[in-house]
There are 4 protein chains.
Amino acid sequence: MSEPVAEPAPLSPADIEARVRRSFEKQRFMATLGATLTHIAPGEVDLSLVYDERLTQQHGFLHAGALATIADSAGGYAALTVMPSDAALLSIEFKINMLSPAEGPLLVARGRVVRPGRTIVVCRADVVSVRGGTEKLVATMQGTMMVVRGRGLAD
Amino acid sequence: MSEPVAEPAPLSPADIEARVRRSFEKQRFMATLGATLTHIAPGEVDLSLVYDERLTQQHGFLHAGALATIADSAGGYAALTVMPSDAALLSIEFKINMLSPAEGPLLVARGRVVRPGRTIVVCRADVVSVRGGTEKLVATMQGTMMVVRGRGLAD
Amino acid sequence: MSEPVAEPAPLSPADIEARVRRSFEKQRFMATLGATLTHIAPGEVDLSLVYDERLTQQHGFLHAGALATIADSAGGYAALTVMPSDAALLSIEFKINMLSPAEGPLLVARGRVVRPGRTIVVCRADVVSVRGGTEKLVATMQGTMMVVRGRGLAD
Amino acid sequence: MSEPVAEPAPLSPADIEARVRRSFEKQRFMATLGATLTHIAPGEVDLSLVYDERLTQQHGFLHAGALATIADSAGGYAALTVMPSDAALLSIEFKINMLSPAEGPLLVARGRVVRPGRTIVVCRADVVSVRGGTEKLVATMQGTMMVVRGRGLAD
């Protein structure tokens with residue numbers, strides 16, 4: 001935890017958005033799922049996912065792993081919005097509760113920072129299913145992200 | 001928790017294997033990822049996954065969500081091996097720690113039942129990365145599965 | 001999950017409060033810690049705890065286990081406010097993040113129901129440290145409670 | 001993560017044991033519960049706790065928070081056995097499943113390191129209830145500890 005003497009200058013909102021989009025586009029798994037970035041603000045990132053049979057479990061609902069994937073990425077990118085520009089982001093761990101069967105047709109994962117820290121950023125993500133303008137909470141995640149420096153990783 | 005008076009007869013090992021394979025084949029997300037069933041025994045199910053760029057995060061490692069997906073399915077199917085034949089399985093929640101970057105070329109998720117219960121089955125899954133005969137632990141999950149009856153679901 | 005045909009009548013707010021107080025008073029660990037009930041409403045229970053050296057870890061902060069205890073009880077009693085009168089409550093599992101050292105002098109755990117279900121109730125609890133009218137979030141919990149019937153337990 | 005150039009020399013088993021005992025004695029909450037250190041080895045620490053009515057929940061079983069407390073301390077001290085001598089230990093988060101009612105008369109929490117890292121140590125703890133030489137698993141925990149340097153904390 002011997003932090004660098006000079007902290008990098010904070011990023012502008014436009015720089016934060018560009019940074020999140022650039023990293024998101026490198027997450028090949030997001031394209032495989034069909035997830036898209038639909039909201040970026042300091043401490044907040046939303047992802048959207050259209051229900052697709054390729055992503056289902058045995059009863060035809062979205063697989064818990066697909067929900068976990070968009071929750072983890074939404075929470076992680078929310079964390080990235082509050083991280084120094086010279087740092088990279090790693091998911092240390094997360095915990096997710098599945099609350100209702102996820103049928104879609106649209107899913108939105110809303111990642112929010114709960115506590116930004118120098119080394120650890122704690123975040124949360126709610127996943128809602130949207131049908132005809134009505135939302136239903138289908139999963140909720142609480143996770144821990146690490147600010148990584150000096151390991152040859154960038155975000 | 002008013003359990004039925006007559007419990008269904010326990011399944012034979014061959015029936016257990018057939019049941020897991022039948023349900024697994026309905027999990028479309030497993031085919032999308034390329035995951036396969038590689039071990040089934042009472043209380044134990046292993047899944048294998050070959051590293052694929054379509055499943056990566058921004059640094060080129062397997063996405064935490066892909067690891068969570070195979071861990072959840074391995075743990076869930078381990079739980080299914082100890083469930084009554086008239087019950088279906090739902091993932092209530094899980095927690096996963098990412099321990100090392102997951103590079104492959106082969107990943108194996110080993111689901112194991114920690115405690116079988118009438119309503120709740122607690123399981124664990126370790127995910128290892130295999131290269132040239134050497135294993136590295138890349139993630140570990142602890143999760144809770146529910147035995148569901150009478151909701152029109154089957155497994 | 002063969003639910004009883006006749007659901008018990010819902011409880012009045014006064015009955016809910018009486019039920020929570022009665023069960024809380026039986027939790028001997030609450031008295032040992034010095035925790036008190038400070039808010040009860042449908043889906044919401046707050047507990048308060050005065051910092052005490054008997055509850056500390058090695059650096060003089062409140063032990064993570066003491067924070068977990070009041071978070072679990074606050075979340076559990078929030079869940080009890082939405083449970084049928086003939087059901088008892090069991091903690092299945094919880095996950096807690098420690099966000100800041102907990103120094104007091106006053107700690108408040110705010111339990112809230114995230115999703116009430118017939119068998120499973122998911123809840124959350126934030127623990128804040130209060131000093132001179134200012135609050136600091138020190139821990140946040142996400143947990144799973146089970147509605148138990150017919151096992152000889154009551155709440 | 002700019003680590004110090006010179007790592008401190010590794011500790012001898014006797015030094016590890018002395019370090020754990022010294023820190024444990026400062027955890028006032030352990031004395032309040034009546035928990036004692038019963039096993040220390042590299043990567044392993046066990047705590048024992050005698051059932052006491054002061055630690056119970058509303059049905060007379062040990063409170064989930066008491067189980068969480070000994071699990072967290074056992075896991076944390078297991079982590080401390082693998083940490084550099086100039087580092088202190090903080091619990092970032094843990095998740096615990098309650099598997100059976102904990103009645104005692106003796107409880108043992110077995111903390112084990114799952115993965116030692118430079119900054120993050122992941123651990124696990126099983127809590128067993130012991131009666132007449134027979135053990136029953138009553139809870140299992142998975143948690144994340146952080147290696148802290150340069151914040152004025154020591155262990």
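Tabulated data
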{"read-out": "Qualifying residue in region C:48-63 (condition: over 26 Å from B:Lys95 (Cβ atoms) and assigned to a helix (DSSP H, G or I))", "value": "yes"}
{"read-out": "Among the residues listed as D:Thr32, D:Thr38, the single one being under 14 Å from the mean Cα position of the chain (by Cα) and hydroxyl-bearing (Ser, Thr, Tyr)", "value": "D:Thr38"}
{"read-out": "Contacts under 6 angstrom Cβ, first residue in region D:1-25 being closer than 15 Å to D:Ala74 by Cα, partner part of a helix (DSSP H, G or I) and modelled with pLDDT under 95, 6 or more apart", "value": "none"}
{"read-out": "Residue within region C:2-17 that is modelled with pLDDT of 95 or more, in contact with an Asp or Glu (Cβ under 9 Å, 6 or more places away or on another chain) and not polar (S, T, N, Q) present", "value": "no"}
{"read-out": "Residue within region A:71-93 that is at the interface with another protein chain (Cβ under 9 Å from one of its Cβ atoms), closer than 30 Å to D:Arg115 by Cα, outside any strand (DSSP E or B) and of a type in the set (A, V, I, L, M) present", "value": "yes"}
{"read-out": "Residue list for region C:36-58, restricted to those being under 17 Å from D:Leu55 (Cβ atoms) and touching a residue at least 60 places away in the same chain (Cβ under 8 Å)", "value": "C:Leu47, C:Leu49"}
{"read-out": "Test for C:Gly143: is it in contact (Cβ under 8 Å) with a residue 40 or more places away in the chain and either farther than 21 Å from D:Phe61 by Cα or touching a helix residue (DSSP H, G or I) at 6+ places or on another chain (Cβ under 7 Å) (or both)", "value": "yes"}
{"read-out": "Test: residue in region A:123-131 that is buried (at least 22 other Cβ atoms within 10 Å of the Cβ), in contact with a Phe, Trp or Tyr (Cβ under 6 Å, 6 or more places away or on another chain) and farther than 30 Å from D:Pro116 by Cα", "value": "no"}
{"read-out": "Residue count for region B:106-155, restricted to those that are assigned to a loop (DSSP other than H, G, I, E, B), within 12 Å of chain D (Cβ to nearest Cβ) and small (Gly, Ala, Ser)", "value": "1"}
{"read-out": "Total residues in region A:25-51, condition surrounded by fewer than 17 Cβ atoms within 10 Å (Cβ to Cβ), within 13 Å of chain B (Cβ to nearest Cβ) and among the hydrophobic types (A, V, I, L, M, F, W, C)", "value": "1"}
{"read-out": "Region C:58-114, residues that are crowded, with 24+ Cβ neighbours inside 10 Å, aromatic (Phe, Trp, Tyr) and within 24 Å of D:Gln27 (Cβ to Cβ)", "value": "C:Phe94"}
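The values are calculated or read from the model by the stated rules, or taken from the named source; none is laboratory data. Here the structure is a predicted model, which is why all the values come from computation and not from measurement. Quick reminder, even Gly has a Cβ in these numbers, built from the backbone with ideal geometry, and neighbours come from all protein chains shown.
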